[in-house]
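S.K.: Take this structure, written in structure tokens, and hold onto it; I'll ask about it next.
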Amino acid sequence: MKLLIKNGRVIDPSSNIDDTLDILIEKGKIVNIKSKIEDKQAKIIDATRLIVAPGFIDMHVHLREPGREDKETIESGSKAAARGGFTTICCMPNTDPVNDNRGVTEYIISEARRKAIVNIYPIAAISIGSKGKELTDMVDLKEAGAIAFSDDGQPILDSNLMRRALEYSKLIDTPIIDHCEDKFLSQNGVMNEGFYSYLFGLAGIPSAAEEIMIARDLILAEKTGARLHIAHISTKGSVEYLKMAKEKGVRVTAEVTPHHLILADSCLETYDTNLKVNPPLRSKSDIMALRNALKEGIIDVIATDHAPHTEDEKNVEFDFAPFGINGLETAVSLILDQCVNSGIISIQKCIELFSTNPALILGLKSKGKIQIGADADITILNLHKEIVIDKNKFQSKSRNTPFHGWKLKGTPVMTIVDGKIVWDER
Ligand SMILES: [Zn+2]
């Protein structure tokens, strides 16, 4: 079936396109882009007053399958992604069992093929069981379909292991994604260390816990020449180290989550466990630094760190609740409202952060662009539509969001994957 998207404002940062254009899609590919296309056999999508963007890619998602299918499955996570405007997601390996061998990687890929409505690429573990002791067989995992390597949820504490991981990853030209946290500094902290942790009587996680690991990783990335991607950057200091390394030519990229761009540690006065996240929500000055880093291109990607948890697990005292925010279905609307419509970043920059750059980092050559011959993965946005976030409408199996009830302007309205409409809320 052919699709013809008509009269949309097509924005593709990879080719500097920003124009009213028609797009013809056939057999999963973009086959024509022109100011006027007629095709009697094609199904017409009227995109007047809408933004037509290359499909959004979330490179940091926790799907919980195998092991915790009560929180999320490959199928439910893919529906949440489609509803949230994402055409491609990458799933972190901290499942049960951990994705540290070919069997788990192949299971995820085959389940995704059978049940998912968006593209899913597994990220495999750096170390066996993500225990930080012994490297996985990265060459074999890459052959099986792993798109990157990470022990996310856990840092690589052992600097020698990190060095060797970077060296191997360079041989197979695959990025290493690090969750930067010095556990000796973060200990049993549950929120950002500072004025508010003392005020609320909660154990703090200092910004140094993140910054020390980032600084170490940057040194190792420079020495090895490997590609390093820093997950969920959250502090002003981290941004400064990142900027310095980029200026020196280190092959480093970084992502930030919507919640770290929007929520400050002061909001924890409610003790809402849906605000408990790792790294923790930081101070207002950290938020300002992160927002500036987006504008200046120091941060490359917005990723959700979608971390579904059941209500029972979150419905406990703050100290005992698991870390994590359910992000797939709120991220794009939050960024459109809080960053684009409020004038912090342009819509072009937003698309770069959600699509162009993650595709480049992950080496997805036919994604992240609207060009003839590219995959027909498209995200359509309405910058004017007002929505209210309702966790009860989530396609995700979990509801752990601190944004329930937020009124936002700007939202994804249609998701097209491989030339098929997988979500339509126009
Ligand atoms: Zn993490």
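What follows is calculated from the coordinates using simple rules that are stated; it is not laboratory data. Bear in mind that the values here come from a model prediction, so they are computed numbers and not experimental data. Glycine also receives a Cβ, built like all others from the backbone with ideal geometry; neighbour counts cover every protein chain displayed.
S.K.: Going through the cross-link list 142/183; 79/142; 243/295; 246/295, which pairs have a Cα-Cα distance over 19 Å in this structure?
M.R.: Working: 142/183 29 Å; 79/142 26 Å; 243/295 13 Å; 246/295 15 Å.
Check vs 19 Å cut-off fails for 142/183; 79/142.
S.K.: What are the semi-axes of the equivalent ellipsoid of segment 279-426, taken as the square roots of 5 times the eigenvalues of the Cα gyration tensor, listed largest first and rounded to whole Å? Don't skip to the answer; put the middle values down first.
M.R.: Working: eigenvalues 140, 80, 53 Å².
After diagonalising the Cα gyration tensor, the semi-axes are 26, 20, 16 Å.
S.K.: Counting Lys and Arg as +1 and Asp and Glu as -1, each charge on the Cβ, what is the dipole of the chain about the Cα centre in debye, to the nearest 20?
M.R.: Numbers: 53 positive and 60 negative charges, 275 e Å.
Its charge dipole is roughly 1320 debye.
S.K.: In nm, give the distance between the simple-model label positions of residue 371 and residue 288, each being 7 Å from the Cα along the Cα-to-Cβ direction.
M.R.: With each label point 7 Å from Cα toward Cβ, the separation is 4.0 nm.
S.K.: Within the chain, what percent of beta bridges assigned by DSSP are antiparallel, to the nearest 5? If you can, show how the numbers build up before the last one.
M.R.: On the way: 31 of 61 bridges.
Counting only bridges with both partners in the chain, antiparallel ones make up about 50 percent.
S.K.: When the Karplus curve 6.51 cos²θ - 1.76 cosθ + 1.60 is applied with θ = phi - 60°, which whole-Hz ³J(HN,Hα) does each residue of segment 320-333 get, with x for Gly and Pro?
M.R.: These are the phi-based 3J(HN,Hα) values: 9, 6, x, 6, x, 10, 7, x, 4, 9, 10, 4, 5, 4 Hz.
S.K.: On alpha carbon coordinates alone, what is the Rg over Rh value for the chain, Rh being the Kirkwood radius?
M.R.: Details: Rg = 20.5 Å, Rh = 21.5 Å.
Reported Rg/Rh (Cα atoms, Kirkwood Rh): 0.95.
S.K.: Next up: Relative contact order for the chain using alpha-carbon pairs under 8 Å, separation at least 6, rounded to a whole percent?
M.R.: Result for the chain is 20 percent.
S.K.: Suppose the chain between residue 223 and residue 183 were pulled fully straight at 0.36 nm per residue; how much longer would it get relative to their current alpha carbon spacing?
M.R.: Result for the pair: 12.0 nm of gain on full extension.
S.K.: Which is farthest toward the positive dipole end of the chain among 157, 270, 244, measuring Cα position about the Cα centre, with Cβ charges +1 (Lys, Arg) and -1 (Asp, Glu)?
M.R.: Positive-most Cα among the choices belongs to 244.
S.K.: With unit charges on the beta carbon (Lys/Arg positive, Asp/Glu negative), name the residue among 344, 104, 287 whose Cα is farthest towards the positive pole of the charge dipole of segment 56-362.
M.R.: 344
S.K.: Using 0.36 nm times the number of residues separating residue 110 and residue 269, minus their current alpha carbon distance, what extension gain do you get?
M.R.: Between residue 110 and residue 269, full extension yields an extra 52.8 nm.
S.K.: Let me ask you something else. If each DSSP helix of 4+ residues adds -39,500 (n - 2.57) and the sum is divided by the residues in the chain, what number results at 222 nm, nearest 500 deg cm²/dmol? Walk me through the numbers on the way to the answer.
M.R.: Working: 14 runs with 123 residues, N = 426.
Rounded to the nearest 500, the figure is -8000 deg cm²/dmol.
S.K.: Please report the antiparallel percentage of DSSP beta bridges with both residues in segment 1-112, rounded to the nearest 5. Working shown, then result.
M.R.: Values: 13 of 23 bridges.
Expressed as a percentage, antiparallel bridges in segment 1-112 total about 55.
S.K.: Pop a pseudo-label 7 angstrom from the Cα along the beta-carbon direction at both residue 133 and residue 247 and give the gap in nm to one decimal.
M.R.: About 4.3 nm separates the two model spin labels.
S.K.: Suppose R0 equals 22 Å. What FRET efficiency, 1/(1 + (r/R0)^6) with r the Cβ-Cβ distance, do residue 69 and residue 316 give to the nearest 0.05?
M.R.: Details: r = 21 Å, r/R0 = 0.97.
The pair residue 69/residue 316 has a calculated efficiency of 0.55.
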